[in-house]
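To start, the structure under review is shown below, and the notes come after it.
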2 protein chains.
Amino acid sequence: MAVFEKTEYQERINNTKHSMAEQGVDMVITSDPANMNYLTGYDGWSFYVPQVVIISLDKEEPIWIGREMDVNGAKCTAFLNQNNLWGYPDDYVQTPLKHPMNFVADIIKKEGWTRKVIGIDMDTYYFSPRAFYVLKKELQNSKFVDTSLLVNWVRLIKSESEILLMKQAGKIAEKVMHTALDKIHSGVRECDAVASVFQAQVSGLSEFGGDYPAIVPMMPTGEKTSAPHLTWTDEPYKTDQAVNLELAGCRNRYHCPIARTAFIGKNPPAKLENIAKVTVEGINLTLDGIKPGLHCEDVEMIWRQFLAKHGLEKKSRIGYSMGLNYPPDWGEHTASLRPNDKTVLQPGMTFHMILGMWMESYGFECSESFYVTENGVETFAKFDRKLFIRD
Amino acid sequence: MAVFEKTEYQERINNTKHSMAEQGVDMVITSDPANMNYLTGYDGWSFYVPQVVIISLDKEEPIWIGREMDVNGAKCTAFLNQNNLWGYPDDYVQTPLKHPMNFVADIIKKEGWTRKVIGIDMDTYYFSPRAFYVLKKELQNSKFVDTSLLVNWVRLIKSESEILLMKQAGKIAEKVMHTALDKIHSGVRECDAVASVFQAQVSGLSEFGGDYPAIVPMMPTGEKTSAPHLTWTDEPYKTDQAVNLELAGCRNRYHCPIARTAFIGKNPPAKLENIAKVTVEGINLTLDGIKPGLHCEDVEMIWRQFLAKHGLEKKSRIGYSMGLNYPPDWGEHTASLRPNDKTVLQPGMTFHMILGMWMESYGFECSESFYVTENGVETFAKFDRKLFIRD
């Protein structure tokens with residue numbers, strides 16, 4: 001059963017068609033698993049083989065095309081009529097002889113869509129150059145247009161039901177962060193602490209279970225805090241080191257990322273305590289300043305001006321739109337809280353804002369996932385903003 | 001520090017260069033995180049932004065190019081000289097204005113490689129059509145050749161050190177499967193059982209920790225067993241249902257997948273017990289029949305002929321090469337145990353072989369990950385092959 005009401009999917013499809021008409025395309029083919037889920041409800045770990053959803057202006061429902069063995073999964077999770085589900089046989093899988101996009105082109109021909117203007121996302125995950133060339137070769141009367149992020153932009157403003165799921169993800173994120181802080185102690189292996197975090201993420205709460213976040217937990221310490229995407233080792237955490245905790249809760253593929261910093265040991269350096277205080281003041285101030293009608297770049301400016309008062313400068317992205325997603329990223333690749341981003345904030349937009357300040361040997365970071373309300377913002381997780389001390 | 005000795009990376013690079021010379025290319029650019037790791041040691045969850053390793057016949061070491069903030073991670077994990085690490089600034093990230101492949105092309109120009117024959121994998125994860133077009137546009141004097149899976153084929157035969165890591169992954173897989181069987185009982189929520197499996201995967205053993213497998217645990221039950229890639233829900237497992245457990249252990253990105261089937265309840269249907277017996281007999285027979293010198297297709301034929309004796313037919317892939325990998329797949333997309341695959345089995349090749357038989361309402365499956373030895377095979381995990389009964 002699809003997670004949302006059929007009417008919600010229909011609204012999403014209508015919004016997508018509206019955007020397609022504006023961009024002058026007759027149909028879009030999307031391989032992004034988050035877009036596929038958004039438009040149909042389809043949810044499965046099958047994106048390691050090519051699969052697409054096609055939306056055409058002249059057809060009410062989307063078409064789902066995937067591997068034959070995944071059609072049952074589509075029946076279980078997508079709201080679509082069964083005659084809009086197509087599965088390619090296994091002899092299309094991982095072979096130089098033919099490609100799943102040959103099958104997709106055949107369906108497009110069967111639907112009589114060979115002379116259409118087709119929108120494609122040229123820079124998305126799970127859509128290869130070969131996939132594109134096969135489509136172009138098979139559909140020589142079609143015109144292909146790069147409509148990168150078209151559906152991602154439709155996803156920007158969340159519905160009430162989506163916000164509800166992200167609030168549930170927020171509750172899971174609170175439990176996950178508590179678990180991480182409970183487990184991190186001197187002598188505990190990194191892998192054991194991270195294992196408990198995974199357990200908390202997937203188990204979720206007694207009222208509702210958790211889902212796998214699109215990014216694994218990051219809990220670097222020592223010199224690895226300057227290498228933000230290294231995963232854990234089986235070395236133990238050590239005393240007198242800071243640990244950056246970049247975690248998330250996930251519910252039905254909707255995320256609430258959250259970051260905090262802990263210091264292992266009784267006596268954190270005064271410098272670390274000081275930058276923690278400054279950063280928390282800055283994040284509070286920035287969150288308080290967000291209102292509908294501001295541009296995304298204005299939010300970054302609040303933080304930058306605050307830093308300048310402390311004699312510091314850092315011109316970079318401090319946040320990004322996020323929500324529904326799959327590995328390898330929970331970000332939506334649309335609006336960013338960064339200089340020159342003119343996106344106007346509106347109620348229902350959802351961001352992960354992550355603020356950090358870095359010294360020579362450690363840093364302090366703190367983040368919030370929030371949605372824009374009529375008057376300001378509300379965070380999905382409620383969790384103290386401070387430096388946590390663990391001995 | 002890189003996981004393997006520098007000499008091992010050098011041998012891998014030499015094997016790759018040998019294959020490049022055979023295929024008539026001067027250099028290869030690979031974006032596959034498993035290939036990047038294989039050739040340099042680089043390991044991080046940074047593949048959600050474009051990154052590449054370049055091997056050129058006229059340069060001893062590979063070049064690593066990634067996001068600036070990930071250069072420190074490359075310093076920590078890759079064996080490369082620091083002057084072979086290049087980081088692109090953050091204003092290349094997720095913007096229509098420029099692309100990380102513009103930066104990659106600039107490095108290629110700086111190296112004087114603008115008139116080379118460049119091998120590209122046209123059908124890999126994490127390399128988009130836009131990435132390819134940018135390279136083509138920036139390097140108009142280069143000739144691009146599709147050398148799909150070139151490095152993947154070099155990965156086919158594992159070294160002793162790789163086999164050692166896969167044996168460790170096998171030990172973790174044993175613990176993971178024990179954990180799953182312990183947790184699965186009537187009334188336990190799927191998410192809680194899967195959470196314990198994640199915990200076991202990442203924690204690993206007291207001697208060495210675990211890593212995140214490239215595919216999340218699959219533990220479907222009831223009608224979902226016919227939809228193999230649906231992930232868990234928060235519904236409880238029910239009595240008198242079979243559960244298919246498709247799990248893995250992972251150590252330093254090397255995998256040991258393992259599948260078993262459990263029945264929840266005191267009295268499994270005689271039909272299920274019967275297909276379990278037949279399938280286990282078949283997997284034992286097939287494993288016993290594998291020897292160096294056979295073709296991959298011969299292995300599938302052993303299983304198919306066994307099935308035929310029981311009046312059954314199923315002509316499909318029953319296994320595939322696997323080892324080092326990242327999400328979304330642990331398979332290497334090279335040799336498959338399937339009809340028409342003429343790959344000759346050699347010692348050091350590693351496969352996941354998964355055999356299953358399906359009735360109307362449930363199925364029985366059982367798999368082994370193994371390496372080919374001088375005389376036959378050895379499985380990485382040692383685990384009973386049978387139908388497990390859980391009440």
Please list the helices of chain A that count as membrane-span-like by this rule: a mean Kyte-Doolittle hydropathy of at least -1.0 together with Cα atoms stretching 30 Å or more along the helix axis, each helix being a complete DSSP H run.
A:160-183
Would you mind listing the distances between the residue A:310 label point and the same position in each other copy? Use 7 Å along Cα-to-C-beta, nm, one decimal, shortest first.
6.7
Can you work out the FRET efficiency for the pair residue A:97 and residue B:68, with r the C-beta to C-beta distance and R0 = 30 Å, to the nearest 0.05?
0.15
Under the definition of Cα pairs under 8 Å and six or more residues apart, what whole-number percent is the relative contact order of the range B:151-287?
27 percent
Assume the label is 7 Å from Cα along Cα to beta carbon: what separations in nm does residue A:297 have to the matching positions in the other copies?
6.2
Classify the range A:254-352 from the C-alpha gyration tensor, please: rounded if a/c falls under 1.5, else prolate or oblate depending on whether a/b exceeds b/c.
oblate
Just to confirm my numbers, what's the Cα centroid distance between the range B:4-42 and the range A:326-368 in Å?
35 Å
Order these by the 10 Å Cβ neighbour count, fewest first: B:211, B:234, A:182.
A:182, B:234, B:211
Let me know the mean shielding of A:210-222 by other chains, meaning the per-residue number of their Cβ atoms within 10 Å of its Cβ.
3
Paramagnetic reach from residue A:359 in the range A:258-291 [backbone N under 17 Å; point 7 Å along Cα→Cβ]:
A:261-281
If you find the alpha carbon centre of the range A:193-246 and of the range B:293-311, how far apart are they in angstrom?
45 Å
Pairwise label distance in nanometres, residue A:57 with residue B:270, each label 7 Å out on the Cα-Cβ vector
6.4 nm
Starting from the 7 Å offset along Cα-to-Cβ, what nm value, one decimal, do you get for the label separation of residue A:18 and residue B:207?
6.2 nm
Average partner chain C-beta neighbours within 10 Å, per residue of B:137-150?
1
Ordered shortest first, which distances in nm separate the 7 Å Cα→C-beta label point of residue B:114 from those of the other copies?
4.3
Given A:17/A:136; A:183/B:238; A:238/A:382; A:171/A:386, the pairs whose alpha carbons are separated by over 30 Å
A:183/B:238
Charge tally in the Cβ shell below 14 Å around residue A:240, where Lys, Arg are +1 and Asp, Glu are -1, residue A:240 excluded
+1
Candidate aspartates and glutamates for bridging to residue B:110, where Cα separation is under 13 Å - those fewer than 8 sequence places away on the same chain excluded:
B:138
Between the range A:102-118 and the range A:132-164, how many Å separate their Cα centres?
16 Å
Specify whether the C-alpha gyration tensor of the protein assembly as shown places it in the rounded, prolate or oblate class, a ≥ b ≥ c being the square roots of the eigenvalues: rounded for a/c under 1.5, otherwise prolate if a/b is larger than b/c and oblate if not.
rounded
Work out, step by step, the length gained on full extension between residue A:314 and residue A:164: first 0.36 nm times the residue separation, then minus their alpha carbon distance; give nm to one decimal.
50.6 nm
How many nm is it between the label spots at residue B:378 and residue B:340, if each spot is 7 Å from the Cα in line with the beta carbon?
3.6 nm
Quick shape check on the range A:190-300: root eigenvalues a ≥ b ≥ c of the Cα gyration tensor, a/c under 1.5 is rounded, otherwise prolate if a/b tops b/c, else oblate, and it reads oblate
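Just so you know, all these numbers are worked out from the coordinates, no wet-lab data involved. Being a predicted model, the structure only gives us computed values, none of them experimental. Positions of Cβ are backbone-derived with ideal geometry, glycine not excepted, and every protein chain shown enters the neighbour counts.
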